[in-house]
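Below is one structure, written out as structure tokens, with a few remarks after it.
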Amino acid sequence: MKALELLNRYKLGVRDFRDVTLEGADLSNTTLLGINLSGADLSGSNLSNIDLSNANLKGANLFGADLLNATLVGADLSETNLSGADLFGSNLSDADLFNANLLSTNLKYTNLSDANLLGANLSYSNLLGADLFGANLMGADLSYADLLSANLFGANLMSADLSYASLLGTNLSYANLLGVNMYYPASLLAANLSGANMLGANMLGADLMAATLTEAKSIDVYLQSANLQISNLDHAKLSRLINAVTNRQSLA
């Protein structure tokens, strides 16, 4: 199907375009609210500045697509292939990205607040300055991801993989890091972990220099070879954290 045909049919009230092939199509600067593109092939397409709010893109192929400044508020992107796509500055708040493939995706300055990223693959993705406030990242793969200055306030990262990720200056305050893997050399330099739940987290070799850890729950956290230099943490808890580096003891 050609892009012009889809747009003309959409104007006539048609919304169901499931499984269509639109590889390399130009749908930039269009509004397709509530459209059903589930299973569609949109790989390599130009979707910059498009409005796909509440659209159904479940299982669609958006490999390498240009989604610069796109609006995908409340869209269903579950099991969608977005690997290598450019989502710079896009709005995906409240979107469903369950089990989505975002490998090596550009997510710089995207709005992913309250998005569902349960089990999503975000490995090697660029999330610099992204807003993930309250997002569900339970079991997500964020290994080697760049989360420089990203906002993960109150996000659920339970059992997520953050090994080798860059969390320089990242806001993880009040995030759920229960059982999270921050395996060496995940950088948490100057990160904000105040009030975060770090129960059972694996932070082997993590760089926590100048990190804020006030009111963090850190029972049984694994900190072998971690750098805690100049961390903002009350003295008593800091002593126990350093002690845990060698003893792997539970922290009350």
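Read-outs: derived from the displayed coordinates by stated rules, not from any lab. This is a predicted model, so every value here is computed, not measured. Cβ atoms come from the backbone with ideal geometry, glycine included; neighbour counts cover every protein chain shown.
Observations
- Qualifying positions in the stretch 160-197 - among the aliphatic types (A, V, I, L, M), more than 18 Å from Asn136 (Cβ to Cβ) and either touching a His at 6+ places or on another chain (Cβ under 9 Å) or without any contact (Cβ under 8 Å) to a residue 24 or more places away in the chain (or both): Leu168, Leu188, Leu189, Ala190, Leu193
- The one condition in (1) in a loop (DSSP other than H, G, I, E, B); (2) on the phi < 0 side of the Ramachandran plot; (3) among the aromatic types (Phe, Trp, Tyr) that Tyr10 fails to fulfil: (1)
- Count of residues meeting criterion [acidic (Asp, Glu) and touching a Ser or Thr at 6+ places or on another chain (Cβ under 7 Å)] in the stretch 51-97: 3
- In summary, Asn111 fulfils each of the numbered conditions (1) under 14 Å from the mean Cα position of the chain (by Cα); (2) farther than 24 Å from Gly139 by Cβ with the single exception of condition (2).
- Exclusive hit being surrounded by 20 or more Cβ atoms within 10 Å (Cβ to Cβ), in contact with a Phe, Trp or Tyr (Cβ under 7 Å, 6 or more places away or on another chain) and over 16 Å from Gly34 (Cα atoms), set Ser123, Ser104: Ser123
- Looking only at residues of the stretch 49-104 that are charged (D, E, K, R) and part of a loop (DSSP other than H, G, I, E, B), we find that the one that is farthest from Leu118 (Cα to Cα) is Lys58.
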